[in-house]
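Visitor: Dropping the structure in here first, questions after.
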Amino acid sequence: MNSQETVDSRIVDPARLPFAYADALNAGDADAVLALFHQDATMRTFTGEVLTDREALRAETVNSIAAQVRLTNKPRFTQIGGDTALIIVDWNLEATSPDGTRISPTGTTTAVARQSADGSWRFAVLNCQGTAGSPGWRTTELPAGER
C-alpha cells in the first residue's frame, strides 16, 4: 500500500488515518473526512474550540475546505492497546486566512482512534493543537514538592 491512502478505503491500520484525513481534506471531500470519525468523536480545532457533534465537525471541515487548505501529515508514533490507538502526527497546513493572505502553520497533533467491530479504525478524539496551548487555555503551576 502506498503512502497516499484512497479516501474511501477502509482503514485497517490506525497509522494510516492521518494520511486518509489529509487526502480527504485536500480533495475537498467533507463526507470522506467525516467518515474517518466515530459517531461520538470530538475534535479540538486549531483555534482551541472543542467540537462534540457531527454538525460542528462538518461545519469545521467545510470551512477548512473553503479556506483552500493543503494539509501534509507526517505520523511520528502510533501505539495500539486493544481497540484503542494513540497517534502522534507532525503536520504542515497551508490555508487562506480570513484577510486573504496565505498562512502556513505547523505543529503536532495528538489523536485517539478506536477500532470498530468491522476491524476499521476511526478517530475518537482529534486534538489538532496537540500539546500547544490556546488563548483560552489556563495552566496551573504545581507546588515545588509536586513537580
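The values are calculated or read from the model by the stated rules, or taken from the named source; none is laboratory data. Treat the numbers as computed from the prediction; the structure is a model and nothing was measured. Using ideal geometry, Cβ is built from the backbone for each residue, glycine included, and neighbour counts are taken over all protein chains shown.
Visitor: Here are some residues: L36, L71. Which one is more than 26 Å from G119 (Cα to Cα), in contact with a helix residue (DSSP H, G or I) (Cβ under 7 Å, 6 or more places away or on another chain) and not β-branched (V, I, T)?
Guide: Selected residue: L71, the only one of L36, L71 that is more than 26 Å from G119 (Cα to Cα), in contact with a helix residue (DSSP H, G or I) (Cβ under 7 Å, 6 or more places away or on another chain) and not β-branched (V, I, T).
Visitor: When the residues of the stretch 103-118 are narrowed to those that are outside any strand (DSSP E or B) and small (G, A, S), which ends up nearest to L36 (Cα to Cα)?
Guide: Among residues in the stretch 103-118 that are outside any strand (DSSP E or B) and small (G, A, S), the one nearest to L36 (Cα to Cα) is S116.
Visitor: Do you know which of the residues in the stretch 40-65 that are hydroxyl-bearing (S, T, Y) and touching a strand residue (DSSP E or B) at 6+ places or on another chain (Cβ under 8 Å) is nearest to S104 (Cα to Cα)?
Guide: Looking at the filtered set, the residue picked out is S64.
Visitor: So, one more: Suppose we keep only residues that are in contact with a strand residue (DSSP E or B) (Cβ under 9 Å, 6 or more places away or on another chain) and part of a loop (DSSP other than H, G, I, E, B) within the stretch 119-134. Which one would you say is surrounded by the fewest Cβ atoms within 10 Å (Cβ to Cβ)?
Guide: T131
Visitor: Another one. In the stretch 61-70, which residue that is at pLDDT below 95 and either of a type in the set (A, V, I, L, M, F, W, C) or part of a helix (DSSP H, G or I) (or both) is nearest to A22 (Cα to Cα)?
Guide: V69
Visitor: Let me ask another. State which residue is farthest from the chain's Cα centre (by Cα) when the search covers only the stretch 63-96 and only residues that are closer than 18 Å to N26 by Cβ, of a type in the set (S, T, N, Q) and surrounded by fewer than 18 Cβ atoms within 10 Å (Cβ to Cβ).
Guide: Going through the qualifying residues, I end up with T96.
Visitor: Of all residues being acidic (D, E) and part of a helix (DSSP H, G or I) in the stretch 50-60, which is farthest from D40 (Cα to Cα)? Just the residue, please.
Guide: Ranking the candidates gives E60 first.
Visitor: All but one of (1) assigned to a loop (DSSP other than H, G, I, E, B); (2) of a type outside the set (K, R); (3) at pLDDT 90 or above; (4) more than 15 Å from P14 (Cβ to Cβ) hold for P98; which doesn't?
Guide: (3)
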